[in-house]
2 protein chains.
Amino acid sequence: MLRILVSNDDGIDSKGIYVLAKKLKELGDVSVVAPRTEQSAVGHAITMKTPVRVTKYYVNDEFFGYAVNGTPADCVKMGIKNIMHEMPDIVISGINNGSNAAINIIYSGTVSAAREAAIMDVPSIAVSVASHDATDFEYASELATELAGEVLDKGITPGTLLNVNVPNKPREEIKGIQITKQGLSKWDDRFEERIDPYGKKYYWLTGKIIDLDKDLHCDHFALRNDYATITPIHFDLTDYEMYKKIMDWNIKSFRA
Amino acid sequence: MLRILVSNDDGIDSKGIYVLAKKLKELGDVSVVAPRTEQSAVGHAITMKTPVRVTKYYVNDEFFGYAVNGTPADCVKMGIKNIMHEMPDIVISGINNGSNAAINIIYSGTVSAAREAAIMDVPSIAVSVASHDATDFEYASELATELAGEVLDKGITPGTLLNVNVPNKPREEIKGIQITKQGLSKWDDRFEERIDPYGKKYYWLTGKIIDLDKDLHCDHFALRNDYATITPIHFDLTDYEMYKKIMDWNIKSFRA
């Protein structure tokens, strides 16, 4: 029996994790460990300076999980080390409301939960539907389940995970699946200034995406053109070309 | 006159940012925009669901900066878009208390501030001293200043930043500088269980580092052997080898 750990960043009471966990039960034993409250855009934050609590969360007899007052990465550490007490066969994070393509991979809590598993050498998949108002997670949960089987069958490089995005469309309008790279599209954002009822300034982060991807090999572009995307990502951030170039700089002459 | 933006994750009242900003004034105009409170291990979190506030922070006539109740990445966005109103020539983040090598790069707020600048195509450097009890930031601030000059002189790939670590040693004990890759060393961590005064369980994240790096080409190993390290990192997380391998999987047969 496969042991599957499920987490997310939208919180344990989101519809996406409910649909995902239910579907994955066809594949094996499912443990759910997810944030008690929404943790979108927390990136790969972990909780070191405040105590973490765990509570049990039920929806009738249909759904059971552990709710953690921490980040998605916390949930994966907690799930594996303190709740499952053994390595799962696979960790699946999602299904997220909103795409996690191009630069959003960097900010994503959903992806960071899967990446935390990859750091622990556990195969993992992050799954997102490309709308903050998504309500239909059926196709995304099927794709995640199929991919989990494929990952376990074919194997994946330790430290690498699959980041999956699905258009928020009826399945007959999804054109197919593209294997993609992380796109270059990014946010042109700023903090919008407002005045509170007490006359003090405050700010909201806001912005628009700059679409810099021009072909179906890029996750953001493929997703915008109604393809589901699968991007293998890892956590070796070394820029190997720059690594070679810097060897020629005068740095060695700096004296301690 | 160079325009330099300085941020960090230890907070605007930390000694590391004070020493760094003072030293960088030799190079140009310095703007400081940093978190109001410590933001260690927040990764690349950004603040989207709560309002952000900015206050002015002074230390007599010696130090002035903007304190933000947000994350290091927020500070860089706020600094560039709302405070400087123009692109700085370079962003420098630090000087952090505690190393940011190997897997810690993923969790680091210090590195994420510099990475946010890299995303905006601004050259950037993250600087850390390898002890949470570091008090001497002189050599690290000199190295950061020298490197800033080198980056601006030689140029750096857009989207790439330099992650710099310095041993917490008297400078005569620092053996030199190594150009390094991100090491593979990582944490074996878990949540330690405790009972609060009300009889309820709570957890603290704790663990020890597993030293998986065996040569001076790895940041963690070089640092432990008393070298300062310079690792060029970027934010393209694509695993290009796995990208090619997945092309052969049966994924195309999954039907939407």
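The values are calculated or read from the model by the stated rules, or taken from the named source; none is laboratory data. No experiment lies behind these values; they were computed from the predicted model shown. Here the Cβ positions follow ideal geometry from the backbone for every residue, glycine too, while neighbour counts run over all protein chains shown.
Number of residues in the stretch B:92-107 that are facing chain A (nearest Cβ under 9 Å) and not aliphatic (A, V, I, L, M): the value is 1. In the stretch A:185-199, the residues that are on the phi < 0 side of the Ramachandran plot form Cβ pairs under 8 Å with partners that are polar (S, T, N, Q), at six or more places apart or across chains, as follows: A:189/A:206; A:190/A:206; A:190/B:82; A:191/A:206; A:191/B:82; A:192/A:206; A:193/B:82. Residue B:94 falls short on exactly one of the conditions (1) surrounded by fewer than 21 Cβ atoms within 10 Å (Cβ to Cβ); (2) assigned to a strand (DSSP E or B), and that condition is (1).
Scanning the stretch B:120-140 for residues that are assigned to a helix (DSSP H, G or I) and surrounded by fewer than 24 Cβ atoms within 10 Å (Cβ to Cβ) gives B:138, B:139.
What do you reckon, is residue B:152 touching a Pro at 6+ places or on another chain (Cβ under 8 Å), buried (at least 18 other Cβ atoms within 10 Å of the Cβ) and either touching a residue at least 12 places away in the same chain (Cβ under 8 Å) or at the interface with chain A (Cβ under 7 Å from one of its Cβ atoms) (or both)? When the stated conditions are applied, residue B:152 does not pass them. Here A:195, A:251, A:233 are screened, and the one residue that is closer than 30 Å to residue B:100 by Cβ and modelled with pLDDT of 95 or more is A:233. The single condition among (1) more than 8 Å from chain B (Cβ to nearest Cβ); (2) in a loop (DSSP other than H, G, I, E, B) that residue A:116 does not satisfy is (2). Of all residue pairs spaced 6 or more apart or on separate chains, those with beta-carbon atoms under 9 Å, a first member in the stretch B:80-93 that is acidic (Asp, Glu) and a second member that is assigned to a helix (DSSP H, G or I) are B:86/B:80; B:89/B:148; B:89/B:152.
Restricting the stretch B:36-53 to residues that are facing chain A (nearest Cβ under 7 Å) and out of contact with any Ser or Thr (no Cβ under 9 Å at 6 or more places or on another chain), the residue that is modelled with the lowest pLDDT is B:51. Put simply, of B:175, B:169, B:201, B:181 the only residue that is farther than 29 Å from residue B:113 by Cβ and of a type outside the set (A, V, I, L, M, F, W, C) is B:201.
Answer yes if at least one residue in the stretch A:10-25 is touching a residue at least 12 places away in the same chain (Cβ under 8 Å), farther than 22 Å from residue A:134 by Cβ and more than 13 Å from the chain's Cα centre (by Cα), and no otherwise.
no
Taking every residue in the stretch A:47-67 that is assigned to a loop (DSSP other than H, G, I, E, B) and pairing it with any residue that is of a type in the set (S, T, N, Q) and surrounded by 11 or more Cβ atoms within 10 Å (Cβ to Cβ), at least 6 positions away or on another chain, the pairs with Cβ-Cβ distances below 8 Å are A:47/A:71; A:48/B:40; A:49/B:40; A:53/A:69.
For the stretch B:108-119, give me each residue that is out of contact with any Lys or Arg (no Cβ under 8 Å at 6 or more places or on another chain) and either over 19 Å from residue B:37 (Cβ atoms) or surrounded by fewer than 24 Cβ atoms within 10 Å (Cβ to Cβ) (or both). Matches in the stretch B:108-119: B:114, B:115, B:117, B:118.
Residue by residue, here is whether (1) more than 9 Å from chain B (Cβ to nearest Cβ); (2) within 30 Å of residue B:226 (Cα to Cα) holds:
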residue	(1), (2)
A:213	yes, no
A:216	yes, no
A:233	no, no
A:238	no, yes
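Within the stretch A:96-123, being β-branched (Val, Ile, Thr) and within 22 Å of residue B:207 (Cα to Cα) holds for A:119, A:122.
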